[in-house]
Amino acid sequence: DEFLEHPRAEVARFMVARSLFSQSVDNYGGMVLPQVRHDRAMKAFADYRAKYPQGRFIGDVLGWEGGLLMRHGRAAEALRCFAEQLTLTDHPELARGAIPMCDTIFK
């Protein structure tokens, strides 16, 4: 945390969260991953949101967080993330991913 004010701190925090997300998902099938990996990724996303609530990557963070929540059966919490993505008027491109995820939750 000694570099929190560094010009690249936001990017670094985002990349840490994204890397922890990648480590928390089984892309090969059949492997049960430890809950601690999920918890670390969720904490990293929460830390990013706390530090940069209007950050450059907030829309991406909400999408990755929502996806992780979906993978762990927490649809109501995931819906909050996807719905919040839709409020980011500076990033209309996020709707392409958020709307189908909301639709999946309501099916």
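The values are calculated or read from the model by the stated rules, or taken from the named source; none is laboratory data. All values derive from a computational prediction rather than experimental measurement. Note that each Cβ is placed from the backbone with ideal geometry, even for glycine, and that neighbours are counted across all protein chains shown. Each accessible area value is taken on the protein alone, full model and side chains, heavy atoms only, with ligands, DNA and RNA left out. Shrake-Rupley method; radii C 1.70, N 1.55, O 1.52, S 1.80 Å.
State all residues of the stretch 75-98 that are loosely packed, with under 14 Cβ neighbours inside 10 Å and among the hydrophobic types (A, V, I, L, M, F, W, C); if no residue qualifies, say none. Ala76 - this is the single residue of the stretch 75-98 that is loosely packed, with under 14 Cβ neighbours inside 10 Å and among the hydrophobic types (A, V, I, L, M, F, W, C). Pairs meeting the criteria (first residue in the stretch 11-26 and farther than 13 Å from Arg37 by Cβ and β-branched (Val, Ile, Thr), second residue modelled with pLDDT of 90 or more and in a helix (DSSP H, G or I), beta carbons under 9 Å, at least 6 apart or on different chains) are Val16/Ala44; Val16/Asp47; Val16/Tyr48.
Select from the stretch 58-74 the residues that are open to solvent by 10 Å² or more (accessible area, probe 1.4 Å) and touching a His at 6+ places or on another chain (Cβ under 7 Å) and list them in ascending order.
Restricting attention to the stretch 58-74, the residues satisfying the condition of being open to solvent by 10 Å² or more (accessible area, probe 1.4 Å) are 58, 60, 63-64, 67, 70-74.
Once the filter is applied, which keeps residues that are open to solvent by 10 Å² or more (accessible area, probe 1.4 Å) and touching a His at 6+ places or on another chain (Cβ under 7 Å), the stretch 58-74 yields only His72.
Would a scan of the stretch 36-44 turn up a residue that is among the aliphatic types (A, V, I, L, M), farther than 22 Å from Ala95 by Cα and modelled with pLDDT under 85? Among the residues of the stretch 36-44, at least one is among the aliphatic types (A, V, I, L, M), farther than 22 Å from Ala95 by Cα and modelled with pLDDT under 85, which makes the answer yes. Among helices (runs of 4 or more DSSP H) entirely within the stretch 31-107, having at least 3 residues that are within 18 Å of Ser19 (Cβ to Cβ) and not basic (Lys, Arg) singles out 35-51, 58-71.
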